[in-house]
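J.: Take a look at this one; I'll ask things after.
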Amino acid sequence: MVLTTPVVLSVYGQKYAAEQSLVSFFSDAPVEDIKAENHKAISLLNVSTGEVAISIPIKDFEFAKSLMKEHFNEKYLESDKYPKAIFQGKFINFNLNDSSEQTVNATGKLTIHGVTREIKVSGTFQPSPNQIVARSKFVIRLEDYKVKIPQILWNNIAEEVEVTIALTYKRL
Amino acid sequence: MRILIVLFFLAGTACYAQDDLLNELEQSNPTEPEYVTSTFKGSRLVNGQTVKTKNKRELEFIFSHRFGAINQGLYELFGLDQAYVRLGLEYGITDRLGVGLGRNSVDKTMDSYLRYKALKQVVGGMPVTITAYGNFAIKTSPKKEDAGFDITLEDRLSYTGQLLIARKFTSALSLQLMPTVVHKNLADQTIENNTQFALGAGGRVKVSKSISLNVEYYHRFGVPDNNPYYDALGFAVDIETGGHDFQLIITNTRGLTERAFITETAGDFFDGDIHLGFNVTRTFQFGRKKK
């Protein structure tokens, strides 16, 4: 019984849920660098198909200054209207039996600020007996997601931000 | 038993599409309350307070200014020759509790206050945000020798208590009610009571991401017939830029503390006793927020 169950799982789909998550972004602009971190993202991963879903609550991005958080929610991401950023996609080229850190790609739909775009990002994927660590770093353009920066603040906020995602999955 | 387990996993996983995974994810989301934020841009609606508290370790410097009434004509440059100023500071002890200090040139008043956000509006839950506000003020004018009677320190004191009850209806529309009591230790009993009650109402409409239009009105109750004062009415254009909040104001009062604008507003708005003014705030953050 103890032996059979994992076999069954690996054949018919195995689901992992993110136990720890860190989503951060960094914007490098002339006046001030802006960095925010979010530990409240949730995710599910189906290793039999590679399918992954990530949901990031916008209001849980924490900034160095409270006012930045307020403006981020109120003016840029409009989190009352668009409370979550969502990624729905697939990991490609991962090997569950290789416990080294593998370079993998993910493709899918990224929804931010109500705008959905197809994206392809690369990252790393490291399975171990009971957990999987997936990381990625990529750049998004604010314009692509209709995040408008008032002209008066152009010097404070870069048009591109670097996003870092690190997810530690545990088998369900 | 083994077969049952196999069947269980088969049934549970046979039909996976990406949407199902997302739906499952959304359902597994622990339901933490989602608090409504940014009901108002600033701590002042027009003359009076909003439910907003400073965040922990934020210090706000607020400079408020009212000109004279515009119906004084060209000789006074429509009021611009006169100026009434309040310089103030407000500090966030916690995200909910704030303390403030200020001095207003009207009646040379020093004021201090505490505000505490007791309830926060929650999406799909608590319908309103409620902040309790208590103000203690000392009117340092007139000088002892000019008072004409033996004025004591107690005579100079006044107290204001308010409940600020606000709801953000949409991201563009927020409304607020302000039941208020003002107590003055010394009042001219022929025209007013020592303890006075008022109900304020106001709100804001956002016209762009950085600009909102605000209105505020304080109605007084039980006012004696020969009381010479008016209810305070004001409008503001609220413009927010980075760490600054700039409010351009028209109102019928020159007072910038509760005692002065709620109970001693001298101007009749509809007779042209309108004062231009502005509130400018600058917020400083001390220390880094804990991650």
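The values are calculated or read from the model by the stated rules, or taken from the named source; none is laboratory data. What you are looking at is a predicted structure, and each value in this text was computed from that prediction instead of being measured. Reconstructed Cβ throughout: ideal geometry from the backbone, glycine too, with neighbour counts over all protein chains shown. Ligands, DNA and RNA are stripped out before the accessible areas are found, and what is left, the full protein with its side chains, is counted by its heavy atoms. Shrake-Rupley method; radii C 1.70, N 1.55, O 1.52, S 1.80 Å.
J.: Compute the signed sum of charges (Lys and Arg +1, Asp and Glu -1) over the other residues within less than 10 Å, Cβ to Cβ, of A:ASP80.
T.: Values: positive: A:LYS59, A:LYS81, B:LYS168; negative: A:GLU74, A:GLU78, B:GLU34.
Once all neighbours under 10 Å are counted, the net charge is 0.
J.: OK, next. Chymotrypsin sites (Phe, Trp or Tyr not before Pro) within segment B:101-150: which are DSSP loop residues with at most 11 other Cβ atoms inside 10 Å? Let's see the in-between values first.
T.: Details: sites: B:TYR113, B:TYR116, B:TYR133, B:PHE136, B:PHE149; in loops: B:PHE149.
Those that pass, being in a loop and sparsely packed, are B:PHE149.
J.: Summing both sides, how much accessible area is buried between A and B? Use a 1.4 Å probe and give Å² to the nearest 100.
T.: The contact between B and A buries close to 3900 Å².
J.: Taking N as the number of residues in the protein assembly as shown, what is its alpha-carbon radius of gyration divided by 2.2 N^0.38 Å?
T.: Rg over 2.2 N^0.38 Å, computed on Cα atoms: 1.27.
J.: Let me have the relative contact order for segment B:35-285, percent, based on Cα pairs under 8 Å that are six or more residues apart.
T.: Normalised by residue count, the contact order of segment B:35-285 is 20 percent.
J.: If you roll a 1.4 angstrom probe over the protein chains with everything in place, what fraction of the accessible area of segment B:35-285 belongs to carbon and sulfur, to the nearest %?
T.: 65 percent
J.: How big is the shadow of the Cα convex hull of chain B, averaged over all directions, in nm²?
T.: Convex hull of Cα atoms, orientation-averaged projection: 22.5 nm².
J.: A follow-up question, please. Please check segment A:28-51 for residues whose accessible area, probe 1.4 Å, is lower by 50 Å² or more when all protein chains are in place than in their chain alone.
T.: Residues of segment A:28-51 that lose at least 50 Å² of accessible area once the other chains are added: A:ILE42, A:LEU44, A:GLU51.
J.: Follow-up. Give me the lysines in straight-line cross-link reach of B:LYS143: C-alpha distance below 21 Å, same-chain residues under 8 apart excluded.
T.: Reachable lysines: B:LYS108, B:LYS184.
J.: For chain A, report the accessible area per residue in Å² (1.4 Å probe, heavy atoms, rounded to an integer).
T.: 49 Å²
J.: Summarise the partner chain shielding of A:63-73 as one whole number: the mean count of Cβ atoms from other chains within 10 Å of each residue's Cβ.
T.: 6
J.: A further question follows. Beyond 26 Å, what share of the Cα-Cα pairs of segment A:13-171 remains, rounded to the nearest whole percent?
T.: More than 26 Å apart: 28 percent of the Cα pairs in segment A:13-171.
J.: Quick one: Karplus J couplings for segment B:44-53, per residue in order, coefficients 6.51, -1.76, 1.60, θ = phi - 60°, nearest Hz, x for Gly and Pro?
T.: Result, rounded to whole Hz: 10, 7, 9, 8, x, 8, 10, 5, 5, 10.
J.: Still on this model: Given a cut-off of under 8 Å on Cα pairs at least six residues apart, what relative contact order in percent is computed for chain A?
T.: Computed over chain A, the figure is 25 percent.
J.: Compute accessible area for segment B:31-61 by itself and then with all protein chains, 1.4 Å probe, and report residues whose area falls by 50 Å² or more.
T.: Going by heavy-atom accessible area, the residues of segment B:31-61 that drop by at least 50 Å² are B:GLU34, B:SER38.
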